[in-house]
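**Q** Provided herewith is a single structure, encoded as structure tokens, for subsequent inquiry.
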């Protein structure tokens, strides 16, 4: 009898939750997405199926109307955020003690790839850049570390990026040429001559 009462409660809830024109469906989520959706449902004091329905309807409307949502990557910028030619000259003209000419070319290629992916509306990571470059993630991590230290590149922690529980998105620093100049003066005692 108790199980019958449970079934009646479930059917009453479904009947009340399914408004006219609504359909019940099943969705499969990754564990991180499930946890985030559950947290949203708790914040809104809703049952999870209702919250999932709202999230799916929002995503469908966004795709249909090509409107960005909160979860969408930033829209591509029509122009780069910095003078790429000046940044290119600064990297090639730098003379950090540990750098060789080929090291400067690798740094330049890395920066150009970060800018390119950002302009395409992507949020690049060392892993995604390694796939594009056909390289090992560890090599891209090393380049990122050097350029972060010099203030050219910045890392932003982005939970759930590309399905990962936590990721570090790479982007160009707001004033990369000024930061590179400051790092160069600190390391060599001289400014980069452009």
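We did not get these values from a lab; they are worked out from the coordinates using the rules stated. Bear in mind that the values here come from a model prediction, so they are computed numbers and not experimental data. When we count neighbours, we look across all protein chains shown, and the Cβ atoms used for this are built from the backbone with ideal geometry, even at glycine.
**Q** Relative to the present Cα-Cα distance, how much length would full extension add between residue 86 and residue 60 at 0.36 nm per residue of separation?
**A** Extending this stretch completely gives an extra 5.2 nm.
**Q** Kindly give the semi-axes, whole Å and largest first, of the ellipsoid equivalent to the stretch 84-188, taking each as the square root of 5 times a Cα gyration tensor eigenvalue.
**A** 24, 14, 13
**Q** Still on this structure: If each residue of separation counts as 0.36 nm, what is the full-extension length gain between residue 175 and residue 108 once their alpha-carbon separation is subtracted?
**A** 22.5 nm
**Q** What nm distance separates the two modelled labels at residue 157 and residue 194, each placed 7 Å from Cα along Cα→Cβ?
**A** 3.4
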